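Participant: Once you've had a glance at the structure underneath, I'll fire off some questions.
The values are calculated or read from the model by the stated rules, or taken from the named source; none is laboratory data. Because the structure is predicted, anything quoted here is derived from the model rather than measured. Cβ placement follows ideal geometry from the backbone for every residue including glycine, while neighbour counts extend to all protein chains displayed.
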């Protein structure tokens, strides 16, 4: 199989295991490319990509932009805060105006769940979901799985715990789908107020004791608390959260085994994770950043193969 089974990357839940394999094989090739002295390939010289970010983003936006430029695509960047959206323009009007400039692929982050799916039904371009509300963030889950595979040789059979604010995290949901699709076991750990009620229906176990969760796992993917998405208090204080769910070197030293530490960023150092853990040899956080470019290059390249000329 040399082509994706989907026309857009809207969420991991629409992918097959063969799609993930193809994306990873393609990413392996592009990882070699970005480690060469000349980091660009002319693969997408005739493709135009628009990055539409209706929510603030630094790492994801930069990663996509770098991936697009490494592939030699033409890139348009759109920021909602400086656009006609502020004047009341609808999403479809905004996108159609951009598509009138003959754009082939749209990378979109939006605060509304399902924005990418909605868009894919109304515009004639490939859509890549760069995060929709608290729903999915598929390229983050792909780069996370790719990083686990690189570090441990395989994702199948591995035990991964996702620690932190599961309720507000699109990273958690996409990771659960991606890891299960590849045959991994997944648990979540955090305050019960930050664990969604539906989590058990996804075949995911809940562990509220951090020490037990870390003793069980091969990999801990640590999420920050998303205060910007909270309209009520979900726990008494940041200090109390850190005491119960913060990971520090002492906790890891007492495990009696090595585990892999991940974090999708941005990190709140000293809250969910201490600096000595984030910067340790057990951490693959910077590998995740590097792999993000290769994985996004792979996704863009594979979708671009379907663009009708």
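Participant: Condition test on residue 220, is it under 18 Å from residue 289 (Cβ atoms), surrounded by 18 or more Cβ atoms within 10 Å (Cβ to Cβ) and not assigned by TED's automatic domain parsing to the domain that holds residue 269?
Facilitator: On the way: under 18 Å from residue 289 (Cβ atoms): yes; surrounded by 18 or more Cβ atoms within 10 Å (Cβ to Cβ): yes; not assigned by TED's automatic domain parsing to the domain that holds residue 269: no.
Spelling it out, it is not the case that residue 220 is under 18 Å from residue 289 (Cβ atoms), surrounded by 18 or more Cβ atoms within 10 Å (Cβ to Cβ) and not assigned by TED's automatic domain parsing to the domain that holds residue 269.
Participant: Moving on. For residue 69, state whether it is outside any loop (DSSP other than H, G, I, E, B), closer than 17 Å to residue 145 by Cβ, at pLDDT 95 or above and in contact with a strand residue (DSSP E or B) (Cβ under 8 Å, 6 or more places away or on another chain). Break it down stepwise before answering.
Facilitator: Details: outside any loop (DSSP other than H, G, I, E, B): yes; closer than 17 Å to residue 145 by Cβ: no; at pLDDT 95 or above: yes; in contact with a strand residue (DSSP E or B) (Cβ under 8 Å, 6 or more places away or on another chain): yes.
No.
Participant: Show the residue pairs that are 6+ apart or on different chains and have beta-carbon atoms under 7 Å apart, the first residue being within the range 244-260 and outside the structural domain of residue 189 (by TED's automatic domain parsing), the second being assigned to a strand (DSSP E or B) and surrounded by 19 or more Cβ atoms within 10 Å (Cβ to Cβ).
Facilitator: none
Participant: Considering only the range 223-243, how many residues are at pLDDT 85 or above and either touching a strand residue (DSSP E or B) at 6+ places or on another chain (Cβ under 6 Å) or surrounded by 14 or more Cβ atoms within 10 Å (Cβ to Cβ) (or both)? Steps first, answer last, please.
Facilitator: Here is the first cut: in the range 223-243, the residues at pLDDT 85 or above are 223-224, 239-243.
Those still in the list that are either touching a strand residue (DSSP E or B) at 6+ places or on another chain (Cβ under 6 Å) or surrounded by 14 or more Cβ atoms within 10 Å (Cβ to Cβ) (or both) too: 223-224, 241-242.
Total satisfying the criteria: 4.
Participant: Quick one: how many residues across the range 202-217 are in a loop (DSSP other than H, G, I, E, B) and either over 18 Å from residue 184 (Cα atoms) or not assigned by TED's automatic domain parsing to the domain that holds residue 241 (or both)?
Facilitator: Residues in the range 202-217 being in a loop (DSSP other than H, G, I, E, B) and either over 18 Å from residue 184 (Cα atoms) or not assigned by TED's automatic domain parsing to the domain that holds residue 241 (or both): 2 in total.
Participant: Condition check: surrounded by 13 or more Cβ atoms within 10 Å (Cβ to Cβ) and assigned to a helix (DSSP H, G or I). Does residue 294 satisfy that?
Facilitator: yes
For every residue, the table says whether it meets (1) in contact (Cβ under 8 Å) with a residue 60 or more places away in the chain; (2) within 20 Å of residue 287 (Cα to Cα).
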| site | (1), (2) |
| --- | --- |
| 11 | yes, no |
| 23 | yes, yes |
| 27 | yes, yes |
| 36 | no, yes |
| 63 | yes, yes |
| 66 | yes, yes |
| 78 | no, no |
| 96 | no, no |
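Participant: If the requirement is being over 16 Å from residue 108 (Cβ atoms), assigned by TED's automatic domain parsing to the domain that holds residue 109 and touching a strand residue (DSSP E or B) at 6+ places or on another chain (Cβ under 6 Å), which of these qualifies: 74, 46?
Facilitator: 74
Participant: To continue, here is another question. Restricting to the range 268-289, name every residue that is without any contact (Cβ under 8 Å) to a residue 60 or more places away in the chain and touching a strand residue (DSSP E or B) at 6+ places or on another chain (Cβ under 6 Å).
Facilitator: Correct list: 273, 275, 277, 282, 283.
Participant: Could you grab me the full set of residues in the range 8-38 that are outside any helix (DSSP H, G or I) and surrounded by 13 or more Cβ atoms within 10 Å (Cβ to Cβ)? So that I can check it myself, show each step before the final result.
Facilitator: As a first pass, look at the range 8-38 and keep what is outside any helix (DSSP H, G or I): 8-11, 15-16, 35-38.
8, 9, 10, 11, 15, 16, listed by residue number.
Participant: Assigned by TED's automatic domain parsing to the domain that holds residue 29, assigned to a helix (DSSP H, G or I) and in contact with a helix residue (DSSP H, G or I) (Cβ under 9 Å, 6 or more places away or on another chain): is that true of residue 112 in this structure? Full working, then the answer.
Facilitator: Working: assigned by TED's automatic domain parsing to the domain that holds residue 29: yes; assigned to a helix (DSSP H, G or I): no; in contact with a helix residue (DSSP H, G or I) (Cβ under 9 Å, 6 or more places away or on another chain): yes.
So residue 112 fails the test.
Participant: So, one more: Which of the residues spanning the range 167-201 are part of a loop (DSSP other than H, G, I, E, B) and surrounded by fewer than 24 Cβ atoms within 10 Å (Cβ to Cβ)?
Facilitator: Within the range 167-201, 167, 168, 182, 183, 184, 191, 195, 196 meet the criteria.
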